[in-house]
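Please treat every number below as a calculation from the coordinates, not as lab data. Predicted model only: the values in this text are computed from it and were never measured. Note: ideal-geometry Cβ built from the backbone for every residue, glycine included; neighbour counts use all protein chains shown.
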Amino acid sequence: MKKLTLGLIVLPLVICACSKSEDAMPATGSTPVATTGTATPPATGGALTNDKIVGMWKVDVAATSVPDMTADNKKEEEAMRMELKADGTFAVSGTKKPGTGTWKLDGTTLSMKSDTSGAAPPTFSVAEDGSTLTFSQTQGDKSAKIVFVKA
């Protein structure tokens, strides 16, 4: 149970930050699921552009829902930072295994690819105004949602 909970909490960043190892791989049967937005451009009123999401991001612990979260897990989430750079690269810090990679925005879908991990890259749903990045995952009957906001 503890391993599943920790995996749900840090999965999107662990996938990006870790080198190839069993720690970086999602559990068998895990399915990332977007909770908001689609891969189509936002409705009229302004397109979501890269400049709206470039910058430093942190986990919004209050908006994040992870089953059986421990105090240590919460502390790790609070320390986590993810920087999306204008050149299409990212850096993750504040974790046991920081990492780098590239990112791409397609409509309201943010895809990331690690420089070192061979795992399937995480996909985030981006709010149309660029204010939040949301990663959702379901493993069996457990669901988790991790929300990032600008730091």
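Packing-based ranking of 116-128, 67-79 yields 116-128, 67-79, ordered from highest to lowest mean Cβ neighbour count within 10 Å. Amide H contacts of residue 108 (H built 1.01 Å from N, in plane; Pro and chain starts excluded): 38, 40 sit under 5 Å, all sequence-distant by 5 or more or on other chains. Approximating the spin labels as points 7 Å out from Cα along Cα→Cβ, the residue 51-to-residue 150 distance works out to 1.3 nm. Taking each of 75/104; 58/96; 104/150; 52/96 in turn, the alpha-carbon distance tops 26 angstrom for 75/104; 52/96. The phi-based Karplus calculation (6.51 cos²θ - 1.76 cosθ + 1.60; θ = phi - 60°) puts the 3J(HN,Hα) values of the range 97-105 at 10, x, x, 9, x, 10, 9, 8, 9 Hz, whole numbers, x for Gly and Pro. Ignoring aspartates and glutamates fewer than eight residues from residue 74 along the same chain, the ones with Cα atoms less than 17 angstrom from its Cα are 60.
Applied to the range 86-94, the Karplus parametrisation 6.51 cos²θ - 1.76 cosθ + 1.60 on θ = phi - 60° returns per-residue 3J(HN,Hα) values of 4, 7, x, 10, 9, 9, 10, 9, x Hz, with x for Gly and Pro. Selection among 71, 98, 56 by position relative to the dipole of the range 37-151 gives 98 as farthest towards the positive end (Cβ unit charges, Cα centre). Per-residue Karplus couplings for the range 114-131, computed as 6.51 cos²θ - 1.76 cosθ + 1.60 with θ equal to phi - 60°, are listed in order as 6, 6, 10, 8, x, 6, 4, x, x, 10, 10, 8, 10, 4, 4, 8, x, 7 Hz, Gly and Pro entered as x.
For residue 64, nonlocal amide neighbours, meaning residues 5 or more places apart or on other chains whose placed amide H falls under 5 Å from its own, are 147.
The slack in the chain from residue 58 to residue 79, taken as 0.36 nm per residue of separation less the alpha-carbon distance, amounts to 6.8 nm.
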